[in-house]
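Participant: This structure is in structure tokens; I'll ask about it shortly.
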Amino acid sequence: MNLIINGINLTVKLEDNATVDNLIKLLPLDTNMKELNGNEKYCYLSESLPTNFENIGTIHAGDIMLYGDDCLVIFYETFNTSYHYTKIGHIDYDNLRDLLGNGNVTVRINK
């Protein structure tokens, strides 16, 4: 799966789970991701996806998770959390915070 953010193409290393399988069926997807907490961007999907919630403990910059059954989240900061998420994948990109910038951002998600 690839994300295109501000003209930069990022490859996502995906988890092997039913959530990812069902997310891929929704692609391609253009979405406006909103800023939250100074550490993540999120958007709600048009459909609910299967979940496999885990207590993640530490979220790493570049993690992509599903919160609940329909909220896609891209994290650009590393921090500890007590929240539960379903893992989707990870982006390796050194300047993710700068790329995502402040405020909302448009993201294209492709297969």
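Participant: Can you give me the long-range amide H partners of Ile56? Hydrogens built in the peptide plane at 1.01 Å from N, cutoff under 5 Å, separation of 5 or more residues or another chain.
Facilitator: Under 5 Å from the amide H of Ile56: Tyr85.
Participant: Classify region 15-77 as rounded, prolate or oblate, taking a ≥ b ≥ c as the square roots of the eigenvalues of its Cα gyration tensor: rounded when a/c is under 1.5, otherwise prolate if a/b is larger than b/c and oblate if not.
Facilitator: oblate
Participant: Still on this structure, please answer the following. I'd like the carbon and sulfur percentage of the solvent accessible area for the chain, probe radius 1.4 Å, heavy atoms only, ligands and nucleic acids excluded.
Facilitator: Answer for the chain is 42 percent, counting heavy atoms of protein chains only.
Participant: Tell me the relative contact order for the chain as a rounded percent, counting alpha carbon contacts under 8 Å between residues six or more apart.
Facilitator: For the chain, the relative contact order is 37 percent.
Participant: Using only the heavy atoms of the protein chains and a 1.4 Å probe, how would Tyr44, Tyr93, Tyr76 rank by accessible area, largest first?
Facilitator: So, going from the largest accessible area down, we get Tyr44, Tyr93, Tyr76.
Participant: Here is a further query. Testing the spin-label approximation: label points 7 Å from Cα along Cα→Cβ at His60 and Arg108. State their distance in nm.
Facilitator: Placing both labels 7 Å along Cα→Cβ, they lie 2.9 nm apart.
Participant: Here is a further query. Can you list the lysines whose alpha carbon is less than 22 Å from that of Lys13, not counting same-chain residues fewer than 8 positions off?
Facilitator: Counting by Cα, and skipping residues close in sequence, Lys13 has these lysines nearby: Lys25, Lys41, Lys87, Lys111.
Participant: Could you give the length gained by full extension between Ala18 and Asn80, i.e. 0.36 nm per residue of separation minus their alpha carbon distance, to one decimal place?
Facilitator: Full-extension gain reported as 19.8 nm.
Participant: Pick out, from Ile109, Leu96, Ser82, the residue whose Cα sits farthest towards the positive end of the charge dipole of region 72-111, with +1 on the Cβ of Lys and Arg and -1 on the Cβ of Asp and Glu.
Facilitator: Result: Ile109.
Participant: Right, here's the next one. Contour minus end-to-end for Ser48 and Leu27, with contour as 0.36 nm per residue of separation and end-to-end as the Cα-Cα distance?
Facilitator: Between Ser48 and Leu27, full extension yields 6.2 nm more.
Participant: Moving on. How much length is gained if the chain between Asn2 and Asp70 is pulled fully straight, taking 0.36 nm per residue apart and subtracting their Cα-Cα distance, in nm to one decimal?
Facilitator: 22.6 nm
Participant: Here's a follow-up. Grab the DSSP H runs of the chain that are 4 residues or longer, score each as -39,500 (n - 2.57), total them, divide by all residues and round the 222 nm result to the nearest 500 deg cm²/dmol.
Facilitator: One gets -2500 deg cm²/dmol as the mean residue ellipticity at 222 nm.
Participant: Just for the Cα atoms in the chain, what are the lengths along the principal axes, largest first, rounded to whole Å?
Facilitator: 31, 31, 21
Participant: Still on this model: Can you tell me what the convex hull of the Cα atoms of region 50-111 projects to on average, as an area in nm²?
Facilitator: Computed as one quarter of the Cα hull surface, the answer is 4.7 nm².
Participant: Oh, and also: Over the chain, with the other protein chains present, what is the accessible area per residue in square angstrom, probe 1.4 angstrom?
Facilitator: 53 Å²
The values are calculated or read from the model by the stated rules, or taken from the named source; none is laboratory data. Remember, it's a predicted structure, so these values are computed and weren't measured experimentally. In this analysis, Cβ positions are derived from the backbone assuming ideal geometry, glycine residues included, and neighbour counts consider all displayed protein chains. With ligands, DNA and RNA removed, areas are computed over all heavy atoms of the protein, side chains included. Shrake-Rupley method; radii C 1.70, N 1.55, O 1.52, S 1.80 Å.
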